[in-house]
Amino acid sequence: MQLCFHCGDSCDTQTIVFEEKSFCCNGCKTVYEIFSTNDLDYYYDLENTPGISPELTDGKFDYLENPDIVAKLLEFDEGSTSVVNFLVPSMHCSSCIWVLENLSRLISAIKSSLVNFPEKTIRITFSSENISLKELVILLSRIGYEPNISLEDFSKKPKHIDRSLIYKLGVAGFAFGNVMFLSFPEYFEVNEFWLERFKHLFRWLMFAFSLPVVFYSGSGYFISAYKGLQSKILNIDVPIALGIATLFIRSTIDIVFDWGSGFFDSLNGLVFFLLLGKFFQQKTYAFLSFERDYKSYFPMAVTRINRKGIYQPVEEEQVQIYDLKQGDHILIRNEEIIPADCILLKGDALIDYSFVTGEAIPVIKESGEKIYAGGRQKTGSIEVEVIKVVEQSYLTQLWSNEVFSKEGKGRFQNLTNSISKHFTIAVLSIAIITTIIWLYLDPSKAFNVFTAVLIVACPCAIALAAPFTLGNLLRIFGRNKLYLKEAQTIERLAAVDTVIFDKTGTLTTHHKNTITYNGIALSAEEELLLNSTLRASNHPLSRSLYEMLHAEQILTLDEFEEKVGKGIQASYKGQDIKVGSYTYVSDREAGKGPEKDLNRTEVHITSNDEYKGYYLFQNSYRKGIDEIFENLSATHRLAVLSGDNEGEKEYLTTRLPESVSLHFNHKPDDKLVFVKRLQQNGHKVMMIGDGLNDAGALAQSDVGLVISEDINVFSPACDGILDASRFKDITRFLKLSSKGISIIKWSFLLSLLYNLIGLGFAVTGHLEPVVAAILMPLSSISIVVFTTIFTQVVSRKLNAKIKS
């Protein structure tokens, strides 16, 4: 099989040979010529078949002639210099980076181009006098790097990166190192003359270093503790804030009254390790977005048609989506998204709603019928009339649901906070009881014992167990192509007892169908004519069938006619063939042909008016679903929730375990209500979907997971994105999450052991600064080592099972 030299795709449809190299289409050949002509051949040396086959529709970027739209996209526009920043999802390798950063070799009007590969963006500085924004975008599209320009860009705000945690960690680390250095003479009780003379200076320097640590680096713990107490919640930050405050006050009193050097080293070490845990847990994926809505899917502009009179020529103008009004006529080209609820006026409409409703097969629409926003036109151009503006359309109203305005999934209480209430009460009880006892035995030691208990019982190790365990797991999941929004998602994954799967695009793959033929065998001449007829059609089913048949020879047809939504008819040297719907190809009144099952997708064939049979299209299900459902059915409640019809209900009933409930014809709102009802009955729900029709259910669920064939393209708001190639490993990811919680619990026991040892020194009045300086960092470091080793062990087991 010939592979395209540029993009690496198979050359099944056609093979174009140029300079002894094979190309799958003229687009790839053109890109190769562009690169060769401009001395960019090195592009092919960096990677093997690095390119992307370009697809460019006439008029697609006409809206970039609108100055208002251009102004929204440009970051800088002064004189002849303009700067624009584009998201380029197809960027994937070193060859991509090299060619995109050498765009100036293609056109001198481009002054510079800088790629941010992790975020898949390119920042281009160009001369607006010599090249327009539209021409720049067309250039990028021609070489296979079409920018993703969507409605989201209309109101795009500068991305704010919060670096406060890094600053706080830096301050705490700097202070910790210096305070430890200044404390060494105190540890070893060195009586050298100059050290003894400057001892008080060193202590006040430690005090000075500790001030920004307590009041800046540690401020978040005091704020969180205060808010928790306001809400009558004893979260883990309450005992931490209490420990920090006690360390600082006790140490300050010690140096003021010259009782000792205090615990400034332990104080700074405590805050440093706590912030280090937070930083480690704060893993982000810059190239992914977990907060997308319909704006990331909708186009930024559309072609509006203006008719001033019957005999006046039709005028077309490019307008922003938000400028559309009820009654406007708009032009929708092939493969364009319909941005508002409309009525079809002219043209053949074949609308793909798969990403919006879950319906797998494109829907035929006739003049006068309603077309909902979010559908994609699949054949030719159509003219429609807007009946609802963008904000009022059926699809966008889904985002008015209160579930999309909730910040986070606050109903979940993490493991650390769940034990903090009991821990705080226990620590305060021990401190008060031991103080009372020492007031009776030796009142002079009572204050020291009280503060010592609060210092040594500060839950530093407990607070580090979850961040380092979950942070490690977050990275392990990422290496296995499961990208989670935040570490707390892992805890929610472990708590899930119900898993709901969408069908279309989740259990099934978008890339191929299972096609079977039922009927009279076709002759070699009929197969050749069928292949040639299918090749001339752009209908999705025709393309799928043509790719499956693998034609070796193609005829030049004498006649060809395609009726959108019905079928195609062709002839060659007196032989006729009709391919399409049953009603189109067969005379039902004459009693020919089988009964039609409305819930099945079939392509029927007649040859010279003789009914031959039909090809049955069934969704191709992802590898591993049998194993997934079998394993999960033993521990979880399972359901399939689909917007598609019941065409494959019988098949799924026989394939999946009996305990799996199947639900079809569910609209987006129905899916959200379904999830909400389960949660009201006490279930922890994970929703696994892929499209806008799943957005409500994904947001409502305890964990919303999106399956994506390409993680760089659009996916709805969710808690995690799973590469489709790792779909079969869902069960193992859930098990690893549960094992992560077990590791945290064992870490709690280990930290409790350190607390008991420290309390032994504290309650007896023998807690010296050197003991605290050794014990507190030792407990923190051992927890970090323990969690890291055990998460790596379970990770290796996961990888071993995946490879096997």
Self-check item: Filtered residues of the range 635-691 (kept if assigned to a loop (DSSP other than H, G, I, E, B) and within 21 Å of Glu602 (Cα to Cα))
Solution: Ser642, Gly643, Asp644, Asn645, Phe664, Asn665
Self-check item: Exclusive hit being modelled with pLDDT of 80 or more and touching an Asp or Glu at 6+ places or on another chain (Cβ under 6 Å), set Val115, Val17
Solution: Val115
Exercise. Residue by residue through the range 374-406, note down the ones that are under 15 Å from Asn334 (Cα atoms) and modelled with pLDDT of 80 or more.
Key: Gly374, Gly375, Arg376, Gln377, Lys378, Ser381, Ile382, Glu383, Val384
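Across the range 82-97, what is the number of residues that are β-branched (Val, Ile, Thr) and free of Cβ contacts under 8 Å to residues at least 40 places away in the same chain? Before you say what the answer is, go through the steps one by one.
At the first step, the residues of the range 82-97 found to be β-branched (Val, Ile, Thr) are 83-84, 88, 97.
Right, trim to free of Cβ contacts under 8 Å to residues at least 40 places away in the same chain and you get 97.
Counting residues in the range 82-97 that are β-branched (Val, Ile, Thr) and free of Cβ contacts under 8 Å to residues at least 40 places away in the same chain gives 1.
Confirm whether Leu229 is in a helix (DSSP H, G or I) and loosely packed, with under 15 Cβ neighbours inside 10 Å. Give the derivation first.
Details: in a helix (DSSP H, G or I): yes; loosely packed, with under 15 Cβ neighbours inside 10 Å: yes.
Yes.
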Quiz item: For Lys227, all conditions in the list (1) touching a residue at least 40 places away in the same chain (Cβ under 8 Å); (2) over 20 Å from Ala461 (Cβ atoms) hold save one; what is the number of the exception?
Solution: (1)
Quiz item: When you scan the range 437-535 for strands (runs of 3 or more DSSP E) that lie fully inside it, which ones turn up with 1 or more residues that are open to solvent by 60 Å² or more (accessible area, probe 1.4 Å)?
Solution: 508-519
Quiz item: Residues in the range 131-154 that are part of a loop (DSSP other than H, G, I, E, B), open to solvent by less than 10 Å² (accessible area, probe 1.4 Å) and within 23 Å of Tyr44 (Cα to Cα): how many?
Solution: 4
Exercise. With the checklist (1) surrounded by 15 or more Cβ atoms within 10 Å (Cβ to Cβ); (2) of a type outside the set (A, V, I, L, M, F, W, C); (3) modelled with pLDDT of 85 or more in hand, flag the one item Ser742 doesn't pass.
Key: (1)
Exercise. State which residue pairs qualify: first residue in the same structural domain as Asp265 (by TED's automatic domain parsing) and inside the range 772-793, second residue open to solvent by 60 Å² or more (accessible area, probe 1.4 Å) in any location, beta carbons under 6 Å apart, and separation of 6 or more residues or different chains.
Key: none
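The values are calculated or read from the model by the stated rules, or taken from the named source; none is laboratory data. Quantities reported herein were computed from a predicted structural model and do not represent experimental measurements. We place every Cβ from the backbone using ideal geometry, glycine too, and count neighbours over all the protein chains shown. Ligands, DNA and RNA are excluded from the accessible area calculation, which covers all protein heavy atoms including side chains. Shrake-Rupley method; radii C 1.70, N 1.55, O 1.52, S 1.80 Å.
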